[in-house]
């Protein structure tokens, strides 16, 4: 198993230490998409892949009128372009054996959320991209699906004020924010053989926020 990120988080470090060498981590700048493709090929990362999770993302809470070009470009490169480039390399390695691709999108791709227009555009793009991949490569037994995650207990939501978090919880049917593990379990299902007839669709994991 291989994972790429700009830096290694404490949770990832603990997981890697307990994996007995089965988890490889590479520090990569995902916004440098040209170097990203070269890195992927140079390290032969796709040689034995049968599953891929596209989860590269950064936030960007700002109304569009105040967003500068550099911030817009960084969000698009990280959230959308990097996932497309990685998926291209993965698809090439899966052509002869099939596999499963899962992209972590957001409910922002489905509902309007003020201050998240650029972020939402990238997450909506992932949904369309995943659906098209499912059609392009289904004959090769390559599946592609999206998980639309709601508000989770992450670094991004920890930065929100108590008032905003309470408003989100009150709108959510389960009256709480989700845990990352709850999204991970759905991703694991979509990667597994149990989901071998599931492709080109989206699974919403939001505690009923969009119900």
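For the stretch 138-169, what are the residues that are in contact with a helix residue (DSSP H, G or I) (Cβ under 6 Å, 6 or more places away or on another chain) and within 28 Å of residue 88 (Cα to Cα)?
142, 144, 145, 146, 147, 148, 149, 150
Specify which of the listed residues (124, 115) is within 14 Å of the chain's Cα centre (by Cα), under 21 Å from residue 67 (Cα atoms) and surrounded by fewer than 19 Cβ atoms within 10 Å (Cβ to Cβ).
None of the other options fit; the residue is 124.
Among the numbered criteria (1) over 22 Å from residue 193 (Cα atoms); (2) surrounded by 15 or more Cβ atoms within 10 Å (Cβ to Cβ); (3) under 17 Å from the mean Cα position of the chain (by Cα), which one does residue 145 miss?
Every condition holds for residue 145 apart from (1).
Search the stretch 34-47 for residues being surrounded by fewer than 16 Cβ atoms within 10 Å (Cβ to Cβ) and in contact (Cβ under 8 Å) with a residue 24 or more places away in the chain, and hand back the single one that is nearest to residue 101 (Cα to Cα).
47
Return the pair list, or none, for Cβ contacts closer than 6 Å from residues in the stretch 79-104 that are closer than 17 Å to residue 141 by Cα to residues that are in a loop (DSSP other than H, G, I, E, B) and modelled with pLDDT under 95, at least 6 apart or on different chains.
Going by the 6 Å Cβ cut-off, the qualifying pairs are 90/49; 93/49; 99/50.
Within the group 209, 189, 151, which residue is under 20 Å from residue 58 (Cα atoms) and either surrounded by 12 or more Cβ atoms within 10 Å (Cβ to Cβ) or in contact (Cβ under 8 Å) with a residue 40 or more places away in the chain (or both)?
151
Taking residue 99, is it crowded, with 17+ Cβ neighbours inside 10 Å and in contact with a strand residue (DSSP E or B) (Cβ under 6 Å, 6 or more places away or on another chain)?
Considered against the rule, which asks whether it is crowded, with 17+ Cβ neighbours inside 10 Å and in contact with a strand residue (DSSP E or B) (Cβ under 6 Å, 6 or more places away or on another chain), residue 99 comes out as yes.
The values are calculated or read from the model by the stated rules, or taken from the named source; none is laboratory data. Computed from a prediction, not measured in an experiment: that's the story for all the values here. Cβ: placed from backbone, ideal geometry, glycine included. Neighbour counts: every protein chain shown.
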